[in-house]
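The values are calculated or read from the model by the stated rules, or taken from the named source; none is laboratory data. The model shown is predicted, which means the values in this text are computed figures rather than measured ones. A quick note on method: Cβ atoms are made from the backbone with ideal geometry, for glycine too, and the neighbour counts reach across all protein chains shown. Surface accessibility is based on the protein's heavy atoms, side chains included, excluding ligands, DNA and RNA. Shrake-Rupley method; radii C 1.70, N 1.55, O 1.52, S 1.80 Å.
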Amino acid sequence: MAEVPHCFNDIVGHRGAIRLLRRAVVSGSVAHAYLFTGQAGVGKFTLAHAFAAALTCLQPTPDGDPCGDCSSCRRFAQGAHPEVHLIAPYSEQTLIWQLWEGHNTPREAKPHQVGVIGRTINFAPTFGRRVVYILTRAETLTEPAANSLLKTLEEPPPYAVFLLLAPMLEDVLETIRSRCQWVPLQAVGVEEMAQWLEQRHGVSADMALRCALISQGCPGRAWSLATQPQALKLWDALADLAYQIATGRHGQAPALHLAEQLRTLASTDITTAEDADAPAEAGGKGKTPKRGALLLAMDALGAWFRDALWLSCGGGAQSIVYRGDEARLQEAASRLGTARLMHALNAILEVRRAVEGNANIPLATEVLILRLLG
Amino acid sequence: MKITTTRKDLLEGVQTVAHAVSGRSSLPILQHIHLSAEGDGLKLTASDLEIGIECFVPATVEMPGEATLPARLTQEVLSSLPDADVKMSDDATHSVQITCERSEYKLLGLSPSEYPTLPEVSDATSFTVPADTLKEMIKQTIFAVSTEETRAILTGVLVECDGVTLRMVATDTHRLTVRSHPVSVNALETPIAAVVPARAMNELGRIVGDYEGEVEVQIGRNQASFRPVDDPRRTFLITRLIDGQFPAYQRVIPTTYTKRLTLATEEFLRAVRRASLVARDVSNRLIFSTNGEYLIIEAESGQSGKAHEEVEVVREGDDITVAFNARYLIDVLNVIDSEGVHLELTEPLRPAVIRPVEQDNYLCVLMPMALT
C-alpha cells in the first residue's frame, strides 16, 4: 500500500464523502459510527484514515483537515497513535475476543490483538481529542462479535468514534447498519485518477491513463498497477489469451490447458487490495493463484471482452480500455457478434462472483474457459 | 548519556517502574523503560498509557541524556549481575552499554524521543493523605472491585471527596465496600468523584507499601496522580480514570437494621474459613442461624459432607437464619482489624452490613444468598 495520506486534500475523488466528513469535523457533530462502503481499492481505508487523523487532531484547520503539527498528528504520522485502534480480521474473521477480552481467546493470539475495545473504551483520550476504532473489514465480523458491538455502537462514550469498512451495505448486519452513518464511496473518474497518478506519483501520462482505465474507478488498484510493472505485463498477456479464445487461435490447445495458462498468468506475484490483508491461499502447488490476483486477471479478461462488445455495438474507440489493441478487438467483434460476446461477458461475471464467493479456483477457471469457448 | 550508580538502586528503580510496562500494547516502545539522566541521578519512566510510573535513582551523571531499554530484559540482566557499581552509556544507535565489574552488556534500545511523555493531570484538585491510611483504604476496598469487563465502571475504585471526607468505594454488585477518611481540601468547588482502575490502585498500594509519610493526591478530569511527598526515590504514579457514572451506591446501604449480631472478628473468621472448606461445591454457601448465645454456621454438600461451627454472639433483635457466600465474608473479615464486628440484618434476603465495632469509617454491604 502506498503511504496512506493523513489529509483529505491528498485523496483522489470522493468529493461528496469528504465534504460530509469535513463538515462533521468542523461542526463537531460527529456521529458515533460511520460505515464506509465500496469495492476493494476504492479508498475506504484511505478515507477512514484521514478522517481518524482529523478526528483526533487537537487543532483541525477551519476546513476540517488535521493540522499535521500537534502532538496527536505527529504520533499519527509515525503510525503510532495510541488512541486510533485498527481491528483487522484474525484469519478471515473478526472475532468477539478481538473486541472484548475473555471470550475463548486462542492461546496463540498476540496480547495486543485481544480485547481492543474492552480495555480502551472507558478511558477518555489524553493524546488526541477522540478515540477512534477502525474495523478494516466489518463484513468479516462474526454474528456474536457484531452483536457484542450493538450496545457500544448505540451509546458509546462521547469521545469514541467507530469507523466500519465493508464492500457493501448488505455485508453487515441490519442492526449494525442502522446504528451507523452510511458513507458510500463511488468509483473515481478515469481522467481524475490518471491526473492523480501523473501528478502525485510521477507516473507517465500514458501509463497513468492505462492504469486508471483498468482499475475500474479504484485508486488503490490503479496505484498498485502503476507501481507493479509486472501487473501491466500480465494485463497484456491476458489480452493475448482473450484474443486467442475469442478468435479460436489457440490451435489444438485444449480448454484445460488454457485454464492452466490463465492460472499461471494470475499467479504472477502481484499484491492486490484483496490479498493485502488476506492470508495466503493454503495448499497451492505454486500454480494456484491468490484469489485477489485471479479476480484481477478476470477483470482484465472481462475488460477485453467488454471492449470487443462495445466495438461490435458500434461504440467509439475513445472509450475502450485496451487502447492500441483496436485491430484485434475489431476482429473478435466481427467474428463473434454481439450475442456471443454478451454471453462471454456474462460468463466472466458469473464466474467472478463465484470466485469472490470462495469457489474452488482450478474448477472455476476451467468452467470459465469452457464457457468462453462454447 | 553516561552514568554510574549501584546495581541495587538501579534494579530497585527498574522493578518499581516495570509494573507499568505494557504486556499488550501494539506499540513496541511501550515494552521499554525510558531513562533520563540529569543533575544528581537517573529518572526512570514506564507507561502503558493506562498507568505510568516514574522514579528516581541516585547516580553520578557524567553526561546527561536520554535512552530507552527493554523492561523485561533489563530487569533480568540487572537482577543477575553482581552487587557492585554499574556504569551505563548509550551510543548513536540507541543501544545502551551496561558494565558491572567484568560483565559487559549492550542492550538494544529505541529512539527515546518516540517515548510518549506522561500526560499532565489537568484541572486537578489536590490534597494529601498519610501513606499508611491510603494503603489501608485500598486494602479495605479493592477486593470488592468487579472483574467483569462488561460493566467497566465497576472495575475501578470510586474515589470521592466533598472537601472534608475522602471516600473510597468499590462494588461488584454482590458486595460493596466503603471506607472514609477525613481530609481537608481548600476551595473545592465541586465534589470529586473519580473512578481509578483497580490495577492502578494495586500499584499504588505497592508503591506506598513501605513508605511512611504523606502522599499527595491529584485528581483531574481524566487522570489522577499520586506522589509520596519527600520520598527520596521520588516515585510518581499517574493513571487514567475510567469514564462513566458510578452507580448511586448510597441507595444500597441499608439505613436501619432490626437484628444486630456482634462477634469476635478473629474467631468468626476462623470458623467461616473452616466451614467454607465443605462449601466449595455448593457455591460457597454457608448458612448462619442464631441460637441463644451462639451463632451456628453450617455448610452441607452432597459431595463432601457437612460442617457445623458455633461462635459466641451478642444478639439484638429476633433469631434469624441467613446464607452468605463464604468467600465474600472471608474477604471482608480479612481486612477488618478491630477485635469485634457487627453484622446488621433485616430479613434473610435483604442486604446485610458488616462494620468494625467502634469504628465508623468502614462498612461492607453483603447480599445474602438464597437459603435453599
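Descriptive notes on the structure:
- Selection count where residues are over 20 Å from residue A:11 (Cβ atoms) and open to solvent by 60 Å² or more (accessible area, probe 1.4 Å), scope segment A:65-86: 2
- Any hit, segment B:165-183, residues being polar (S, T, N, Q), out of contact with any strand residue (DSSP E or B) (no Cβ under 8 Å at 6 or more places or on another chain) and more than 14 Å from chain A (Cβ to nearest Cβ): yes
- Scope segment B:172-196; condition surrounded by fewer than 20 Cβ atoms within 10 Å (Cβ to Cβ), assigned to a strand (DSSP E or B), in contact (Cβ under 8 Å) with a residue 60 or more places away in the chain and out of contact with any Lys or Arg (no Cβ under 7 Å at 6 or more places or on another chain); matching residues: B:181
- Number of residues in segment A:296-327 that are part of a loop (DSSP other than H, G, I, E, B) and more than 19 Å from residue A:191 (Cβ to Cβ) equals 3.
- Tally, over segment B:45-82, of residues that are outside any strand (DSSP E or B) and either away from chain A (no Cβ under 14 Å) or closer than 19 Å to residue B:113 by Cα (or both): 15
- Neighbours by Cβ (under 8 Å, 6+ apart or cross-chain): first from segment B:242-254, more than 14 Å from chain A (Cβ to nearest Cβ); second open to solvent by 50 Å² or more (accessible area, probe 1.4 Å): B:254/B:350
- Checked against (1) touching a His at 6+ places or on another chain (Cβ under 9 Å); (2) farther than 25 Å from residue A:71 by Cα; (3) surrounded by 17 or more Cβ atoms within 10 Å (Cβ to Cβ); (4) away from chain B (no Cβ under 12 Å), residue A:133 passes all but condition (2).
- Of the candidates B:74, B:93, B:60, B:68, the single residue that is free of Cβ contacts under 8 Å to residues at least 24 places away in the same chain and either open to solvent by 70 Å² or more (accessible area, probe 1.4 Å) or at negative phi (or both) is B:93.
- Unique match (being open to solvent by less than 50 Å² (accessible area, probe 1.4 Å), over 20 Å from the mean Cα position of the chain (by Cα) and away from every other protein chain (no Cβ under 14 Å)) among A:146, A:160: A:146
- Residue check, residue B:129 touching a His at 6+ places or on another chain (Cβ under 8 Å) and within 21 Å of residue B:226 (Cβ to Cβ): yes
- Condition broken by residue A:170, with the remaining ones in (1) within 21 Å of the chain's Cα centre (by Cα); (2) within 25 Å of residue A:12 (Cα to Cα); (3) acidic (Asp, Glu) satisfied: (2)
- Contacts under 6 angstrom Cβ, first residue in segment A:29-45 being within 11 Å of residue A:164 (Cβ to Cβ), partner in a strand (DSSP E or B) and open to solvent by 30 Å² or more (accessible area, probe 1.4 Å), 6 or more apart: A:34/A:181; A:35/A:182; A:37/A:184
- Taking the criterion of being among the acidic types (Asp, Glu) and assigned to a loop (DSSP other than H, G, I, E, B), the residues of segment B:332-372 that qualify are B:337, B:339, B:347, B:358, B:360.
- Of residues in segment A:105-130 being more than 10 Å from chain B (Cβ to nearest Cβ) and among the charged types (D, E, K, R), the one farthest from residue A:92 (Cα to Cα): A:129
- Of all residues in segment B:137-163 being closer than 23 Å to residue B:220 by Cα and of a type in the set (Asp, Glu), the one that is nearest to the other protein chains (Cβ to nearest Cβ): B:160
- Qualifying positions in segment B:1-44 - part of a loop (DSSP other than H, G, I, E, B) and open to solvent by less than 40 Å² (accessible area, probe 1.4 Å): B:1, B:20, B:21, B:22, B:25, B:27
- Among the residues of segment A:87-119, those identified as open to solvent by 10 Å² or more (accessible area, probe 1.4 Å), without any contact (Cβ under 8 Å) to a residue 40 or more places away in the chain and among the β-branched types (Val, Ile, Thr) are A:105, A:114, A:116.
- Of all residues in segment B:145-163 being at pLDDT 90 or above and of a type in the set (A, V, I, L, M, F, W, C), the one that is farthest from residue B:361 (Cα to Cα): B:153
- Given (1) open to solvent by 20 Å² or more (accessible area, probe 1.4 Å); (2) out of contact with any helix residue (DSSP H, G or I) (no Cβ under 7 Å at 6 or more places or on another chain); (3) more than 14 Å from chain A (Cβ to nearest Cβ), index of the condition residue B:222 fails: (3)
- Some residue of segment A:176-199 being away from chain B (no Cβ under 14 Å), buried (at least 17 other Cβ atoms within 10 Å of the Cβ), among the small types (Gly, Ala, Ser) and assigned to a helix (DSSP H, G or I): yes
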